[in-house]
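The values are calculated or read from the model by the stated rules, or taken from the named source; none is laboratory data. Please read all numbers here as calculations on a predicted model, not as lab measurements. Every residue, glycine as well, gets a Cβ built from its backbone with ideal geometry; the counts of neighbours run over all protein chains shown.
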């Protein structure tokens, strides 16, 4: 099961300011390291392209929901930036409209402004009829969503996603089309070549890195990071912060939520990341490297591990279709602990509680929940569906089966850090490699910024 802290509701206080400032939020650019692998760090990916609507309407407002003629128009907002994923949405929406000619589906993908648009719409209480909660079903959008607990598909939710979209009172906030289980991807051919098993702990991961570096005479980079696309740096701290601070039985969850965290406990993360750099376990040009170079290097067998999920696979296989890419959970920090995945919601559909057409909106969500439709999402996203019994067939299917019982924790920054801390992790982590800050100063920076942003 997915594990949340007992008092996760305390985090709500940290997001109140978002709503108070919502009216002006649309003018704020999404700057810095705004991307998380797959769908962005709590928002849509940086693709600002807007897909064509499945309806003929160009009106983006959910309030004008009358549609044309006798049709009832349902506005749907999605976060998908990948055209292949958008195409699946549109294919299913078109099939739904064919079966329901009295309903018109207006499907929109606002791109990188997704969060800003939703903030403004929350402030005005003028939301889409259906929208992607993209990791924030309870924490950010909970008060605006209808309770879907009575829908037929609810009984089929997976054990790893049920608690993610279900609040303590039993309210089900959204259908999860694709479940995020983020860990490490690796070149399986390289690991076999150097006789390395997928590491289960951080110590085993570091030992594997040393073996790869030494036995390849430096021809293989154990890891690849980018200081230009510094969301890759942030990814390390977000994933391994969970392994260090949340996963162990004796953990810091309550202290983080209550603001009593001893931030010196963050220092081992910074020390390990700096050690990886100094020992040559990552690319020497990390400060000037770009993400765009990674698929080619990985395809050429020059990079062994990445802190990326399945989204990397398609890019790599365009270059070298013969590379076998493996998937593994995030290694445990302590030898007596277990690995874990980071994730939860990736693509979802929640219904606005004040929708003018709630029955039609629910009907649309139920249609997307059909096994054949969820299978389409699973195969194009290469992610597990949020409902049980969905048959998928892609290169990561065997890995999800292998690790189906591995714990899934929510992204560290989404639960335990105030809004704005993702950028702090990215930029301070990069500054660490540039020797502009020490590991201890990194911890102090985290403390200062958490306090500042929590008090906004």
(message) Quick check on my filter: what residues within region 324-359 are surrounded by 24 or more Cβ atoms within 10 Å (Cβ to Cβ) and more than 22 Å from residue 135 (Cβ to Cβ)?
(response) 331
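Out of region 224-245, which residues are assigned to a helix (DSSP H, G or I) and out of contact with any strand residue (DSSP E or B) (no Cβ under 6 Å at 6 or more places or on another chain)?
231, 232, 233, 234, 235, 236, 237, 238, 240, 241, 244, 245, listed by residue number.
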(message) Condition first: more than 25 Å from the chain's Cα centre (by Cα) and surrounded by fewer than 19 Cβ atoms within 10 Å (Cβ to Cβ). Now tell me which residues in region 104-132 satisfy that.
(response) 124, 125, 126
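In the list 150, 159, 126, which residue meets the criterion of being free of Cβ contacts under 8 Å to residues at least 24 places away in the same chain, assigned to a loop (DSSP other than H, G, I, E, B) and either out of contact with any strand residue (DSSP E or B) (no Cβ under 9 Å at 6 or more places or on another chain) or within 27 Å of residue 105 (Cα to Cα) (or both)? Explain how you work it out, then say what you get.
Working: 159 fails: free of Cβ contacts under 8 Å to residues at least 24 places away in the same chain; 126 fails: free of Cβ contacts under 8 Å to residues at least 24 places away in the same chain.
It is 150.
The rows are residues; the columns are (1) closer than 17 Å to residue 364 by Cα; (2) at pLDDT 85 or above.
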{"residue": "36", "(1), (2)": "no, no"}
{"residue": "46", "(1), (2)": "no, no"}
{"residue": "100", "(1), (2)": "yes, yes"}
{"residue": "110", "(1), (2)": "no, yes"}
(message) Give me the residue from region 384-434 that is touching a strand residue (DSSP E or B) at 6+ places or on another chain (Cβ under 7 Å) and more than 21 Å from residue 184 (Cβ to Cβ) and, out of that set, surrounded by the most Cβ atoms within 10 Å (Cβ to Cβ).
(response) 386
(request) Select, from 312, 269, 297, 274, the only residue that is at pLDDT below 95 and either assigned to a helix (DSSP H, G or I) or in the same structural domain as residue 235 (by TED's automatic domain parsing) (or both). (result) 312
(request) Can you tell me which residue among 177, 205 is more than 22 Å from residue 320 (Cα to Cα) and in the same structural domain as residue 79 (by TED's automatic domain parsing)? (result) 177
(message) Would you confirm whether or not region 173-181 contains a residue that is assigned to a loop (DSSP other than H, G, I, E, B) and surrounded by 17 or more Cβ atoms within 10 Å (Cβ to Cβ)?
(response) yes
(request) Would you confirm whether any residue within region 342-350 is assigned to a loop (DSSP other than H, G, I, E, B), within 30 Å of residue 255 (Cβ to Cβ) and modelled with pLDDT under 95? (result) no
